[in-house]
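Peer 1: Before anything else, here's the structure in question.
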Amino acid sequence: MKSVGLIFFPAFDWCITPDHPEREERLLYTRDQIEEEGLLDLPEFREYRPRLATDHELSRAHVFVPNIRAHLTESHRIAAGGAIAAADLVLRGTEKRACALVRPPGHHSMRFVHGARGFCLVNNEAVMVEHIRQQLGPQAKIAIVDTDVHHGDGTQDIYYNDPNVLHISLHQDGRTLYPGTGFMNERGGPGAFGLTVNVPLPPGTGDGGLLYVIENLVLPILKEWQPDIVVNGAGQDNHFTDPLANMEVTAQGYARLTELLQPDIVVLEGGYSVEGALPYVNLGILLALAGLDYSQVVEPDLERVKPRQAQRVTDHIAWLVDELGQMWAGRKGVDLEAHFGKGKFFERKRMVYYDTAGITETQNGKIRLCSSCAGWELVESRSDRYAYATVAVMLPWNACPGCRGEAEAAYQEQISEKKAKKVVFCDPERDKVLGCTN
Amino acid sequence: MASTKAVLDELKAACPLKGPVNLQLSTTLTTNTIVEGRGTATAAVVIPGPGVDLRLHGLDFPLFPLPGYVDHRGRVVAECEPKEAAAAAREAQRGGAEALAIVGKFSQRNPSLEQAVLDAVHNGKLKFSHISVGHKAAPRLGFPRRVVTAHLNSQVAKAQRKFADAVESLGEGLGSVRILKADGGTMTLAQSRSLPIESILSGPAASTMAALALTSHQGKSMVVVDIGGTTTDLAVIVQGQPLYAREGAVIGGYPTAVPAILSRSIGLGGDSEIHIIDSEEGGTRFRIGPSRAGSPVCLGGTRPTPTDAVVALGRVSLGDRSRAVGALKELGARAGLSWEAAAERVVNAFVSQLCAAIHKLYGELEGQPVYTLAEFLETPHLRPEVITCLGTPAPAFMRPVGEALQLPLEILPHSASANAIGAAAARPTIGLTLYADTALRSLSIPEMGIFQEIERPALFDQRKARDRALGKLREYAREVGLGEPQDMDIVSEESFNIVRGFYTVGRIFHMHAQIRPSAQRITGEEGVR
Ligand SMILES: [Zn+2]
Ligand SMILES: [Zn+2]
């Protein structure tokens, strides 16, 4: 029997604003459906409480500007703590699999947090993954398969240069949907090239297309890469009734996806068809996780709407999978110098827009090109909300002694130069986050 | 029944009361009927709609599924055909069913499909000894438990009807008759005819009510420990209020939706088996239970029990002490211990197992899921301030438990007849569920069969919802013959804005109103009525 631990926290008294998609009502009908179905009376399921994520746990994945307290509500801490609690159920062997149905979601939250983006403030999955790595050690390999309809740009940002975290995001093509990123050529930094896999699906993708990608691209990749833990960021906005996107996926499709993927941990992401989709999709996912029959989970609108996938969509997805499969197979033979240059550092500048908070951030970053490890990283960030800069000096997991020495020196230099208002030093292997405010 | 009549006559003779005698009965009739499988042959006609396959719930009685679909807000997505409904009921009857349950998914939000089946059965002139409908038997969320509850209700209805007839035939001298329920409250005899299932497991409820009636620590939080021969039952009182089972009572392995006082039964009692365990560190330990060894040796049994240990040590006088010492000598010899050491270690094992069970229960209660920030951040303090215990062998075992948990210990008087005292002290309880959806303009109170339109939905707010719930509860109390209720409360409530396309189109209100169970204080012999 596959036992499933459920962490359910619908936060019935929390919203971004009363008529925002991320509001009290969001998981109401899911709760009603789960309780009416008597799901927790089945021996396969047990329900647990979430917990509050601590400042330290959150700071493993994020640099908050100006500080944690300026942004966070208890609801964010419980959502991240719910994901951590779900991971602990699996790590301790209490349950075979676990599912955190918590809100708000997190996959648009990047390393730097100046405010909320795409309804997200804390990247629940990243906070959870960092917790898992603290338990399993620096060699642990974790795969995140993000099946939300929106590109998981926050998770991508945090793990872009991390060779032990494989990030696969299936989403509606960024040319047609928020956040406008997640193209095939975003493949990872110099230390983890090819381990960011973006699958931009055309609008109108249905169960057939989604499952085709899982079976012909995602499963083969996972089989080859052999992760210790598979996490599914289960957004439910690919559903044919979702008001924010244009896909044709059904509860049956989501359940089958879960059955194929066999994730160790599922964390809810987006999904705003609170009545037409969430009760049924969540039910389907939970049944599939437990290895139970989900064939009778049917949305009331299914008969009327009859979602289907056009032939050109099917054809495009076949091409996409073929292309991405080749890119995956050839990832180790790629000339990295051509991508990242021959210098000591790979430098990049970029702008990040926070739609929920209405903030624009500019970043100047550099990654040390190192042949012994993924390379240390420095990012300087400013936003139009605060006049000063914040700098993060970050060691990778399994940093080489050379990078460690350079990064520590860079941190000291940043402090003494006093150019940035706040300097943060992240050392995941020693589980230390140091901060200095000038 | 002869015994009830005898007791009544005895009571009348003993009490210098004028006028009729009021009876409050805690019966094992429905419990035993279910546990022993003696109920009326019953089938369930179900309208599951899509979702979890009901077969996954492993129900072992005949189910006759019908098409039809009500969604989570009570909208009918697909109707139920009367012809098919009648055919299903007829087939159930041919299969031997004498009683029927009709249960639909989300029927508490909209009972029209259940009603359609019921009408079809009546129109088809099909006769059943009892028909239970889901929305009345189990109005809270939980379709499988609703099916079980309605089904068991039909199973025991005939037996309860006979019992009620017999009680009424006692005739003159009989005042009001109330039946104890699993939630520690009482119901009228008339109510027990339509919802007999609510009288299951009234035994554990009675002992908790006895603790409330007799304790000198009123309004405090306490763990109630009832040590019996085979099991020890634990119940939890928080600031004077008994805690309920989260989903409902479980009986004969069936999870039901019957509101019940939380009671945890552990296989640890005065007559439990004693096992010798060779621990890793080389010492010898004992483990008690979970099965029963039989009567203690001091009372003529053949195998040593915890009772023998306390009798041998001289802490309880019961039966033949020398036989208890003999039994402990034999046990000690097997474990390489003197009889005194063996007896002490048996008592210690009993105490540590009981303490562990108490800790585990509180751990589980504190870990129970909650769905709001307010509840998460302000989880009420449940931990006991007092241990209150009932049961004959209580004191000898409980003193060390009190010491181990560092809590004051209260041994209740009248403990041998606690069950009867609890039944006598219980007061009526009833509850109802109000669910209002102003976008759909619908309001339901399934317990009273109220499914109506909200006339001016824009003006229907939380205060109106509360007033309606409490007003209807008062009406309901009068309707079932409980008079003017006291202690009415909204025990839980939720409300949500319904937002579609960035506009608020209505609100959902969901609340439970209840007369909380309470116990009449009983002091001295005159108090027992
Ligand atoms: Zn999304
Ligand atoms: Zn290095």
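The values are calculated or read from the model by the stated rules, or taken from the named source; none is laboratory data. Quick caveat, the model's predicted, so the values are computed rather than measured. When we count neighbours, we look across all protein chains shown, and the Cβ atoms used for this are built from the backbone with ideal geometry, even at glycine.
Peer 1: Looking only at residues in segment B:35-55 that are touching a Leu at 6+ places or on another chain (Cβ under 6 Å) and within 14 Å of chain A (Cβ to nearest Cβ), which one is surrounded by the fewest Cβ atoms within 10 Å (Cβ to Cβ)?
Peer 2: Step by step, filter segment B:35-55, then rank; the result is B:P48.
Peer 1: Quick one: would you say B:T305 is over 29 Å from B:L365 (Cα atoms), among the β-branched types (V, I, T) and surrounded by fewer than 22 Cβ atoms within 10 Å (Cβ to Cβ)?
Peer 2: No, not satisfied.
Peer 1: Every residue in segment A:144-164 that is among the acidic types (D, E) and within 16 Å of ligand 2 (Cβ to nearest atom), please. Step through it out loud before you land on a result.
Peer 2: Within segment A:144-164, the first condition is being among the acidic types (D, E), and the residues that meet it are A:146, A:148, A:153, A:157, A:162.
Answer for segment A:144-164, where residues must be among the acidic types (D, E) and within 16 Å of ligand 2 (Cβ to nearest atom): just A:D162.
Peer 1: Looking at B:V370, B:V316 in this structure, which one is under 30 Å from A:D13 (Cβ atoms) and not in a helix (DSSP H, G or I)?
Peer 2: Working: B:V316 fails: under 30 Å from A:D13 (Cβ atoms).
Result of the check over B:V370, B:V316: B:V370.
Peer 1: Any idea which residue in segment B:104-144 is nearest to the other protein chains (Cβ to nearest Cβ), counting only those that are basic (K, R) and in contact with a Gly (Cβ under 6 Å, 6 or more places away or on another chain)? Walk me through how you get there before you give the answer.
Peer 2: Keep residues of segment B:104-144 that are basic (K, R), which gives B:105, B:109, B:125, B:127, B:136, B:140.
Right, trim to in contact with a Gly (Cβ under 6 Å, 6 or more places away or on another chain) and you get B:105, B:109.
Working: B:K105: 6, B:R109: 9 Å.
Residue satisfying both the conditions and the ranking: B:K105.
Peer 1: Does B:M187 fit the bill of being touching a residue at least 12 places away in the same chain (Cβ under 8 Å) and assigned to a helix (DSSP H, G or I)?
Peer 2: Working: touching a residue at least 12 places away in the same chain (Cβ under 8 Å): yes; assigned to a helix (DSSP H, G or I): no.
Answer is no for this residue.
Peer 1: All but one of (1) closer than 30 Å to A:Y294 by Cβ; (2) away from chain B (no Cβ under 14 Å); (3) at pLDDT 95 or above; (4) crowded, with 24+ Cβ neighbours inside 10 Å hold for A:C120, so report the exception by its number.
Peer 2: (3)
Peer 1: Can you run down the residue pairs with Cβ atoms below 7 Å, 6 or more apart or on separate chains, where the first is in segment B:357-373 and within 7 Å of chain A (Cβ to nearest Cβ) and the partner is in a helix (DSSP H, G or I) and surrounded by fewer than 16 Cβ atoms within 10 Å (Cβ to Cβ)?
Peer 2: From residues that are within 7 Å of chain A (Cβ to nearest Cβ), the pairs are B:L373/A:E74.
Peer 1: Identify, by number, the condition in (1) under 29 Å from B:G185 (Cβ atoms); (2) in contact with a Leu (Cβ under 7 Å, 6 or more places away or on another chain) that B:V103 doesn't meet.
Peer 2: Looking at each condition in turn, B:V103 falls short on (2).
Peer 1: Starting from segment A:367-380, take each residue that is near ligand 2 (Cβ under 6 Å from one of its atoms) and list its partners that are in a strand (DSSP E or B) and of a type in the set (K, R), counting only C-beta distances under 6 angstrom and pairs at least six apart or across chains.
Peer 2: A:G375/A:R368
Peer 1: Somewhere in segment A:427-435, is a residue away from every other protein chain (no Cβ under 14 Å), surrounded by fewer than 18 Cβ atoms within 10 Å (Cβ to Cβ) and within 14 Å of ligand 2 (Cβ to nearest atom)?
Peer 2: yes
Peer 1: When both residues are 6+ apart or on different chains and their Cβ atoms are under 6 Å apart, which pairs have a first residue that lies in segment B:266-292 and is closer than 15 Å to B:F397 by Cα and modelled with pLDDT of 85 or more, and a second that is of a type in the set (K, R) and assigned to a strand (DSSP E or B)?
Peer 2: Short answer, once both residue conditions are applied: B:D271/B:R292.
Peer 1: Going through A:A288, A:A310 one at a time, which residue ends up being touching an Asp or Glu at 6+ places or on another chain (Cβ under 6 Å), modelled with pLDDT of 95 or more, closer than 26 Å to A:V199 by Cα and more than 16 Å from ligand 1 (Cβ to nearest atom)? Show your work before the answer.
Peer 2: Numbers: A:A310 fails: touching an Asp or Glu at 6+ places or on another chain (Cβ under 6 Å).
Unique residue meeting the criteria: A:A288.
Peer 1: Same structure, new question: Can you spot a residue in segment B:336-355 that is surrounded by fewer than 17 Cβ atoms within 10 Å (Cβ to Cβ), assigned by TED's automatic domain parsing to the domain that holds B:L268 and at positive phi?
Peer 2: Checked segment B:336-355: at least one residue is surrounded by fewer than 17 Cβ atoms within 10 Å (Cβ to Cβ), assigned by TED's automatic domain parsing to the domain that holds B:L268 and at positive phi.
Peer 1: Additional query: Quick check on B:G68: is it modelled with pLDDT of 90 or more, within 14 Å of chain A (Cβ to nearest Cβ) and out of contact with any Lys or Arg (no Cβ under 7 Å at 6 or more places or on another chain)? Can you show your working first?
Peer 2: Working: modelled with pLDDT of 90 or more: yes; within 14 Å of chain A (Cβ to nearest Cβ): yes; out of contact with any Lys or Arg (no Cβ under 7 Å at 6 or more places or on another chain): yes.
Yes.
Peer 1: Which of the following residues is in contact (Cβ under 8 Å) with a residue 12 or more places away in the chain, within 13 Å of chain B (Cβ to nearest Cβ) and either within 30 Å of A:R382 (Cβ to Cβ) or surrounded by fewer than 19 Cβ atoms within 10 Å (Cβ to Cβ) (or both): A:H62, A:H107, A:H56, A:H76?
Peer 2: Numbers: A:H62 fails: within 13 Å of chain B (Cβ to nearest Cβ); A:H107 fails: within 13 Å of chain B (Cβ to nearest Cβ); A:H56 fails: within 13 Å of chain B (Cβ to nearest Cβ).
Matching residue, one of A:H62, A:H107, A:H56, A:H76: A:H76.
Peer 1: Do the conditions hold for B:R90, that is, is it more than 10 Å from every other protein chain (Cβ to nearest Cβ) and free of Cβ contacts under 8 Å to residues at least 40 places away in the same chain? Please lay out each step first, then the result.
Peer 2: Numbers: more than 10 Å from every other protein chain (Cβ to nearest Cβ): yes; free of Cβ contacts under 8 Å to residues at least 40 places away in the same chain: yes.
Answer is yes for this residue.
Peer 1: Between residues in segment B:500-516 that are in the same structural domain as B:E455 (by TED's automatic domain parsing) and residues that are of a type in the set (F, W, Y), which pairs lie under 7 Å by C-beta distance while being six or more apart or on different chains?
Peer 2: As it stands, the answer is B:R507/B:F496; B:I508/B:F496; B:H510/B:Y435, since those pairs meet every condition given.
Peer 1: Further question on the same structure: Taking B:L268, is it aliphatic (A, V, I, L, M) and more than 25 Å from B:L361 (Cα to Cα)? If you could, list the steps in order and put the result at the bottom.
Peer 2: Values: aliphatic (A, V, I, L, M): yes; more than 25 Å from B:L361 (Cα to Cα): no.
When the stated conditions are applied, B:L268 does not pass them.
Peer 1: Check segment A:357-366 and report whether any residue there is in contact (Cβ under 8 Å) with a residue 60 or more places away in the chain, within 16 Å of ligand 1 (Cβ to nearest atom) and under 22 Å from the mean Cα position of the chain (by Cα).
Peer 2: No, segment A:357-366 contains no residue that is in contact (Cβ under 8 Å) with a residue 60 or more places away in the chain, within 16 Å of ligand 1 (Cβ to nearest atom) and under 22 Å from the mean Cα position of the chain (by Cα).
Peer 1: Separate question: Could you check segment B:377-494 for strands (runs of 3 or more DSSP E) lying wholly inside it with 2 or more residues that are touching a residue at least 40 places away in the same chain (Cβ under 8 Å) and at negative phi?
Peer 2: Details: elements: B:386-390, B:409-411, B:431-437, B:442-445, B:450-453.
Correct list: B:386-390, B:431-437, B:442-445.
Peer 1: Within segment A:258-272, does at least one residue satisfy the condition of being in contact with a Phe, Trp or Tyr (Cβ under 6 Å, 6 or more places away or on another chain) and either touching a residue at least 12 places away in the same chain (Cβ under 8 Å) or more than 16 Å from ligand 2 (Cβ to nearest atom) (or both)? So that I can check it myself, show each step before the final result.
Peer 2: The first filter runs over segment A:258-272 and keeps only residues in contact with a Phe, Trp or Tyr (Cβ under 6 Å, 6 or more places away or on another chain), leaving none.
Within segment A:258-272, not a single residue is in contact with a Phe, Trp or Tyr (Cβ under 6 Å, 6 or more places away or on another chain) and either touching a residue at least 12 places away in the same chain (Cβ under 8 Å) or more than 16 Å from ligand 2 (Cβ to nearest atom) (or both).
Peer 1: Something else: Could you list, in sequence order, the residues of segment B:72-87 that are surrounded by fewer than 15 Cβ atoms within 10 Å (Cβ to Cβ) and more than 14 Å from chain A (Cβ to nearest Cβ)? Talk me through it step by step, then tell me what you get.
Peer 2: From segment B:72-87, those surrounded by fewer than 15 Cβ atoms within 10 Å (Cβ to Cβ) are B:79, B:83; that's our starting set.
B:K83 - this is the single residue of segment B:72-87 that is surrounded by fewer than 15 Cβ atoms within 10 Å (Cβ to Cβ) and more than 14 Å from chain A (Cβ to nearest Cβ).
Peer 1: Touching a helix residue (DSSP H, G or I) at 6+ places or on another chain (Cβ under 7 Å), among the β-branched types (V, I, T) and away from chain A (no Cβ under 14 Å), is that true of B:V386?
Peer 2: Details: touching a helix residue (DSSP H, G or I) at 6+ places or on another chain (Cβ under 7 Å): no; among the β-branched types (V, I, T): yes; away from chain A (no Cβ under 14 Å): yes.
No.
Peer 1: Here's another thing I want to ask about it. Which residue, of A:G284, A:G276, is assigned to a helix (DSSP H, G or I), over 20 Å from the mean Cα position of the chain (by Cα) and free of Cβ contacts under 8 Å to residues at least 40 places away in the same chain?
Peer 2: A:G284
Peer 1: Let me ask something else about it. Report, by residue number, each residue of segment A:301-311 that is in a helix (DSSP H, G or I) and touching a residue at least 60 places away in the same chain (Cβ under 8 Å). Break it down stepwise before answering.
Peer 2: Taking segment A:301-311 and keeping what is in a helix (DSSP H, G or I), we get A:302-305, A:311.
If the condition is that a residue be in a helix (DSSP H, G or I) and touching a residue at least 60 places away in the same chain (Cβ under 8 Å), then A:V305 is the only one that fits.
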